[in-house]
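Below: the structure, in structure tokens.
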Amino acid sequence: MKTRDVIASAVQNTFRSKLRTSLTVIAIFIGAFTLTLTSAIGAGISSFIDSQVGAIGAPGVLTVTPVPEDAPADDGPAVYDPDRATGGASIDGPPGMAGGGMNQADLDRIAEVPGITGVTPAVTLPVDFVETAGSQRYELTLDLATGLFIPDLAAGAAVADVDERQLQLPADYVEALGFADAQAAIGQPVTLGVTDAVGGHHEVEAVVAGITNPGLMNLGPEGNQALADALLAAQRTGVTGEATPVYLAADASIDPASTPEQIAAIKADLVDAGFQGMTVADQIGAFKTVIDVVTSILNAFAVIALLAAGFGIVNTLLMSVQERTREIGLMKAMGMRSGKVFGLFSMEAVFIGFLGSAIGAGVAIATGLIAAPLLAEGLFAELPGLEIVRFEPLSVAIIMGVVMAIAFLAGTLPARRAARQHPIEALRYE
Amino acid sequence: MSDLVLEATDVAKSYGRGESRFDALKGVSMQVRAGESLAILGKSGSGKSTLMHILALLDAPDAGSLRISGHDVTSLSTADIHRLRNRDFGFVFQQFFLVPDATVLENVIMPLKIAGVGVRERTERGMAALRALELDDKARNRATALSGGQKQRAVIARALVNEPTVIFADEPTGNLDTVTGGIVEDILFDLNRDKGITLVIVTHDEELAARCDRQIHLRDGLEVSPELAGAAA
Ligand SMILES: Nc1ncnc2c1ncn2[C@@H]1O[C@H](COP(=O)(O)OP(=O)(O)O)[C@@H](O)[C@H]1O
Ligand SMILES: [Mg+2]
């Protein structure tokens, strides 16, 4: 018997007992559907996270903050210590505030940690508000751009190190400041309010260079050096003498190709030096963990469905072998080899697996493609760029292959029983 | 193997073991010559089918030997045996053994499909066999939709389709009324006469046996003379 005929006959036989086949196919369908969807969600989320990590935190950046010396408090809240308290100073408080920050000596110590190639302090600029002609005044936490993070832009470009005072704003400022859309804001002037040391108010003009997309890790508004200089100059009006700058955080550069082990070692060294370092991936980690748990639960469910389907196949085909005892005997009497009989029944199992997995994957893809845009506009509207499901041909192929392999394995038992049948006993069978 | 000759020497076959052991054949020697029609006669349970199965290489004897055109069967490979059954033998059984939910044509071309003949050729040959048995108008019908006589004609078409040298028929008319049985008999003997196909017919019907060139009488697993065969065991 030709292989083509074996396959064709197997396919034909599958449709002989439609009800039995359908029930088995349903179990496989559930498994394949779930696996396809969860793998697509997994792929969608991780590609989103990768793009976020890639966009805002080059993999080679650790955000370093000081570890409070008596901090590790698994046993309740920390005890109040008047010498240590920052007195509610926020990150946009004036330089020179109390403890909790890092000074130049700290930055030098961070730079000495092996594996750290550079340290850039996170400088928060003293901005009270932002406004355009005719808009309300809005609060703005503006940082000095470090150039380490590549912003995920909706329009325009990242701030550049030029003489023009530039800043980039998050997308939610676009409408508030009276711009039609992100593109319309680019190149437009905005006014920033600054309060100086003696309570005087100053206004600094700047130009919008770019509008950033909201993301998991919001890269806040950033200004270029020219803007920072102007703002700091305005703030220092009336100040005599030099103030020592204090930073709440610093960005430490490391080799972007560092392995997780190397990063862990650097973090350990930072802890020894009294600091803690976090990659952007760490900061997104919590979100990813939730997704991972959900997809694992769904995957476990899918695997159980597939196991049940495996037994379903065994059962279906055993019944089929039983029913077709005479036909098998007849085919063997007419010279069909045992190997081909085995092939016929195992191919039937594989085809049932193919049917279930193809329908499952197909419906999963259709569901994903229909549901994803709806979810993206509804539930996940805050996260543009999030591809909730991402169907990769390779993973769909792998899922179908695995399901068909499971089906084949399940089919071997009945197929062997069929192959071993003695033609005479099969023909005498009543 | 047009001059194919089957030669059984002292073949014995028993079923079961120990207490329930039953000797179905107790040492039978016989020959099937090329082109003849041979009847294996005997009462129910006398071992006719068992003997036919051994001759048709469907079953192996426990003792004794079988030679095909001079070659001992034990020297043949499994592949040779499968090829012989597929190309040189045709089978007709009392219970028809048609696949119920396949079409008549699909049933008829089964040996060709097993042999690996292509779709077009096997359809042509299947239709030719059905035409020879005046069943070509039923080719696309389900096998279950046929009457008894039509079923047996379909079975003969199936036995014929691979142009065999020997047709083994086990009680080919056992399930048919006299008239239909007579028609089926005519078809078989026509094949024997016109195409030189050797016939081995297992039957307990004396009249059918009488139409054959030669008869072998079995009783309780032994060959006996015609007079003894009729006597009570
Ligand atoms: N598979 C088997 N197991 C046990 N006994 C069997 C088996 N096949 C046949 N027999 C017995 O062997 C004897 C001969 O059977 P068979 O050759 O079919 O006889 P016949 O065709 O002449 O009626 C019968 O008594 C039958 O019951
Ligand atoms: Mg019999």
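Among A:THR325, B:ILE201, A:ILE352, which residue has its Cα furthest toward the positive end of the charge dipole of the protein assembly as shown, with +1 on Lys/Arg Cβ and -1 on Asp/Glu Cβ? Positive-most Cα among the choices belongs to B:ILE201. Projecting the Cα atoms of B:GLY149, A:GLY310, B:SER20 onto the charge dipole of the protein assembly as shown (Cβ charges, centred on the Cα centre) puts B:GLY149 farthest toward the positive pole. Sequence-distant contacts, meaning Cα pairs under 8 Å at least 6 residues apart, place the relative contact order of chain A at 29 percent. For the protein assembly as shown, a crude dipole built from +1 on the beta carbon of Lys and Arg and -1 on the beta carbon of Asp and Glu, taken about the Cα centre, is about 5540 debye to the nearest 20.
Using Cα-Cα distances under 8 Å and only pairs 6 or more residues apart, what relative contact order does segment B:166-233 have, in percent? Relative contact order here is 30 percent. Only protein chains counted, 1.4 angstrom probe. Which residues of segment A:307-337 are at least 40 Å² less accessible in the assembly than when their chain is isolated? Correct list: A:ARG326, A:LEU330, A:ALA333, A:MET334, A:GLY335, A:ARG337.
What you get for segment A:200-297, charging only the Cβ of Lys and Arg (+1) and of Asp and Glu (-1), is a dipole of about 200 debye around the Cα centre.
Summing Lys and Arg as +1 and Asp and Glu as -1 over all other residues whose Cβ lies under 10 Å from the Cβ of A:ARG165 gives a net charge of -4. Checking the Cα-Cα distances for A:LYS340/B:LYS13; B:LYS26/B:LYS195; B:LYS113/B:LYS195; A:LYS2/B:LYS48; B:LYS151/B:LYS195; B:LYS43/B:LYS195 against a 26 Å cut-off, the pairs over it are A:LYS340/B:LYS13; B:LYS26/B:LYS195; A:LYS2/B:LYS48; B:LYS43/B:LYS195. Each Lys or Arg adds one and each Asp or Glu takes one away; over the other residues whose Cβ falls under 13 Å from the Cβ of A:ARG137, this sums to -4.
Placing unit charges on the Cβ atoms of the charged side chains and taking the dipole of chain A about its Cα centre, the candidate lying farthest along the positive direction among A:GLY362, A:ALA185, A:THR237 is A:GLY362. Checking every one of the trypsin sites (Lys or Arg not before Pro) in segment A:108-165 against DSSP loop status and a limit of 15 other Cβ atoms within 10 Å picks out A:ARG137.
Note on the protein assembly as shown: antiparallel DSSP beta bridges, both residues inside, total approximately 65 percent of the bridges counted.
Charge dipole of segment A:124-246 (Cα centre as origin; +1 on each Lys and Arg Cβ, -1 on each Asp and Glu Cβ, all else neutral): 80 debye, rounded to the nearest 20.
Remark: mean inter-chain Cβ contacts per residue of B:94-101 equal 4, using a 10 Å Cβ-Cβ cutoff to other protein chain atoms. Expressed as a whole percent, the accessible surface of segment B:4-232 that belongs to carbon and sulfur atoms is 47, based on a 1.4 Å probe.
For segment A:342-425, the fraction of 1.4 Å probe accessible surface lying on carbon and sulfur atoms is 72 percent.
The values are calculated or read from the model by the stated rules, or taken from the named source; none is laboratory data. Worth saying up front: this structure is predicted, and the values here are computed from it rather than measured. As a convention, Cβ positions derive from the backbone with ideal geometry for all residues, glycine included, and neighbour counts pool all protein chains shown. When the accessible area is computed, the model is the full protein with side chains, heavy atoms only, and any ligands, DNA or RNA have been set aside. Shrake-Rupley method; radii C 1.70, N 1.55, O 1.52, S 1.80 Å.
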